[in-house]
Amino acid sequence: ELGIGGNESLNDLPGALATFRKDRDLVNRALSMDPNLIRALRTLAVVQMKLGETESGIDPAQALKDYRVGLQRVEALPQSEQDSLRIKRVRNGLLEDEAGVLIDLGEYAEGNKLFADVTRMEEKLAAADPLDLRAHFDWQTALNEQAAAFETAADPELSANAGDRRRNQIG
């Protein structure tokens, strides 16, 4: 409710960041008591994603770091957790958000490649269960984000190299 970029909120980004950091501290405290608490380990990845989402509009470089820490936390989970649909969705969300801030930072080639990877992964999840509306929504969102990234990368005001703009227009 305090604020995450792109969502309806009170637009209190400093308050949101402080709250997410407190959440991270509390989860780390729980892990100090039980380092194998799977729920807390999963939560750390999600909190990093929320921190990145909150910072993406004000500090995309920091958001990129947060997304990458979140991905490291996902990769540190037991394989059985990584294979769960819940964590696949978290991982794809982190990767999609990472791609978005790469575009914001002008790293068009890397961002567009990552968007393509995420779109393929989301398509596979949607195909695995045609009745899973969340998977179809995630796939549609990834496609929309990828299209917006190509538009941004093709904007002549954002790239001095006409060849790069043309390459981004055709993907």
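Laid out as a table, the results:
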| quantity | calculated |
| --- | --- |
| Residues (in contact (Cβ under 8 Å) with a residue 12 or more places away in the chain and of a type in the set (S, T, N, Q)) located in segment 62-116 | ASN92, ASN112 |
| Residues that are closer than 23 Å to TRP139 by Cα, open to solvent by 30 Å² or more (accessible area, probe 1.4 Å) and either in contact with a helix residue (DSSP H, G or I) (Cβ under 6 Å, 6 or more places away or on another chain) or not in a helix (DSSP H, G or I) (or both), drawn from segment 74-98 | GLU81, ASP83, SER84, ARG91, ASP97 |
| Hits in segment 104-136 - residues which are of a type in the set (A, V, I, L, M, F, W, C) and either under 26 Å from GLU55 (Cα atoms) or not in a helix (DSSP H, G or I) (or both) | LEU105, ALA109, LEU114, PHE115, ALA116, VAL118, MET121, LEU131, ALA135 |
| Condition check for ASP138: at pLDDT below 95 and within 21 Å of VAL46 (Cα to Cα) | yes |
| Criterion (of a type in the set (A, V, I, L, M, F, W, C) and open to solvent by 60 Å² or more (accessible area, probe 1.4 Å)) met by exactly one of ALA18, ALA128, ALA30, ALA45 | ALA128 |
| Given (1) over 19 Å from LEU13 (Cβ atoms); (2) out of contact with any Gly (no Cβ under 9 Å at 6 or more places or on another chain), number of the condition ASP23 does not satisfy | (1) |
| Per-region count, segment 58-73, residues part of a loop (DSSP other than H, G, I, E, B) and either in contact with a Ser or Thr (Cβ under 6 Å, 6 or more places away or on another chain) or open to solvent by 70 Å² or more (accessible area, probe 1.4 Å) (or both) | 1 |
| Test: residue in segment 43-56 that is among the basic types (Lys, Arg), at pLDDT below 95 and touching a helix residue (DSSP H, G or I) at 6+ places or on another chain (Cβ under 7 Å) | yes |
| Residue match in segment 159-167 (condition: part of a loop (DSSP other than H, G, I, E, B), open to solvent by less than 50 Å² (accessible area, probe 1.4 Å) and either modelled with pLDDT of 90 or more or hydrophobic (A, V, I, L, M, F, W, C) (or both)) | no |
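The values are calculated or read from the model by the stated rules, or taken from the named source; none is laboratory data. Computed from a predicted structure; not experimentally measured. Cβ atoms come from the backbone with ideal geometry, glycine included; neighbour counts cover every protein chain shown. Note: accessible area is taken over every heavy atom of the protein model, side chains too, but ligands, DNA and RNA are not part of it. Shrake-Rupley method; radii C 1.70, N 1.55, O 1.52, S 1.80 Å.
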